[in-house]
1. Multiply the residue gap between Thr330 and Asn309 by 0.36 nm, knock off their C-alpha separation, and tell me the result in nm, one decimal place.
2. Only four residue types carry charge here, +1 at the Cβ of Lys and Arg and -1 at the Cβ of Asp and Glu. Report the dipole size of the chain about the Cα centre in Debye, rounded to the nearest 20.
3. What Rg and what Dmax come out for the stretch 312-448 when only alpha-carbon atoms are used, in angstroms?
4. Under a crude label model (7 Å from the Cα following the beta-carbon direction), how far is Ser258 from Leu145 in nanometres?
5. Could you list which residues have their amide H under 5 Å from that of Leu336, counting only those 5 or more apart in sequence or on another chain, with H placed in the peptide plane?
6. Kindly state, to the nearest 0.05, the FRET efficiency for Asp166 paired with Glu19, given R0 = 56 Å and r defined as their beta-carbon distance.
7. Helix 415-425 sits at what angle to the longest principal axis of the chain, using alpha carbons and giving 0 to 90 degrees rounded to 10?
8. For the peptides 140-153, 249-262, what is the packing order when you average, over each peptide's residues, the other Cβ atoms within 10 Å and list the highest mean first?
Amino acid sequence: MPYNTHTPEKSSLEKELIESLSRFINLRWIIVVGICITSIFAGLVLKISLPLTPILFITFCILIFNVVCICYQKNVKSYERFANLQISVDWIALVFLVHYTGGTESPVIFYFIFHVIIAAILLSKKDCYLQTGFAALLIISLSILEYFSIIHHVHIQELFPNPVYDNGLYLLSIIFFIITSLYISAYLATSVNSRLRKRENEILTLKNVIADAYNKLEAIDREKSEFTYKVTHELRSPLSAIQSLLKSIEEGYAGDISPKAMDLITRSEKRTSFLITLVNGLLDLIAGKIGKPKEGDIKTIDINVAVKNTLHLMQEKTKAKNLKIIIKATPEPSYLKIVPDDLDIILINLIDNSVKYTEQGGTISINSIITNKEIKLEMSDTGIGIIKEDLNKIFDEFYRSKNAKTVEQRGTGLGLSIVKNLIKQYGGSIDVMSEIGKGTTVTVSFPV
């Protein structure tokens, strides 16, 4: 499949070609070093009579060519042509190395097969076969030129005591097996490469289909959330009005009523209060999901002061349960840029959970930690803890842990979902560790 940039699939292939070419250029450095070390070792240690000067000269030319490739790579317009040029030059350099290491007798000739595989990776099937044909032409030309003594045959006495380059039958057999090996290698490599390309295109198509489906689902979910937000918002006003009227009756503004009627009104007011809490929770949750702007601007708030203010609001609850509150604040202010209402919602939900699920005489510890990168708030309690199986579900909407229901039957199961969404909006994170009967530690982190 030719590389092209007109379609997303081919752009992907071209990107892969660029990366492969970079690896190919880096590989050439290793080859240059390998040729130098092998040639010197063979000549000086193994005492093989190799013509080191021309071999090292060829290596030097490869090195210069590689430097040129690196410099030119940034300004390449056609990576196909650039790949073809590199492989063609490598063929020529390789045939010269073959010539100076024994011609058709040289074991270096088998490196042509490796280069065919590289061509199959970098090029289209058509170009790979053309390059294989060029390599075959070079080998045949070298064999004929040496056979007819048009060029001098470099004989390596230590490897081949009796030269066979001028043996016609040997020459034909070598040419046949080398050429067939090259074309078989080209066929196998291009076949595998084509299948990989086909699978890649299928995966890319599937990825696009999944991405489109995800975008559609996301749009539908957003529409659903916006609709729910509008409906819930409309419910809050009449519910607040109903609660206000019920409270007025409770306080005697409508005159004296019977104890039985008062009991019914009190129960109705509590139910209405729970519904308002649920509606407010839904509004906070959906607002976090759809990015609904909150009333008020982002301000710089000292989180230590915010914690104290929240505890002050809950002092009646903490005193009623005789809870011990331990605050370990940083010596200096821990400033956080956040919408004040958002921080209130986070702290009220988390601290209220600790108060609600910590038994009489228990302890709640709140520590603030500030570093160069983040502000951490750790809230620990000696409460009932969370069942291990429920830990990965507590942030789900409307979910409440089984043992939490035994302590507090009423609850929306939205608090932690709201908290997590809000923290996420500010790039923060929340982590919960808990042990049944020993308590829970919640760690909230905000980047600074």
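1. Here the answer is 5.9 nm.
2. The calculated dipole for the chain is roughly 560 debye.
3. Every Cα atom of the stretch 312-448 included, Rg and Dmax give 14.6, 42 Å.
4. In this crude spin-label approximation the distance works out to 12.0 nm.
5. Answer set, sorted by chain and number: Ile301, Asp302, Ile303.
6. 0.75
7. Orientation of helix 415-425: about 50 degrees from the principal axis.
8. 140-153, 249-262
Each reported figure results from applying straightforward, stated rules to the coordinates on display, with no laboratory input. No experiment lies behind these values; they were computed from the predicted model shown. Don't worry about glycine lacking a Cβ; one is built from the backbone with ideal geometry, like all the others, and counts go over all protein chains shown.
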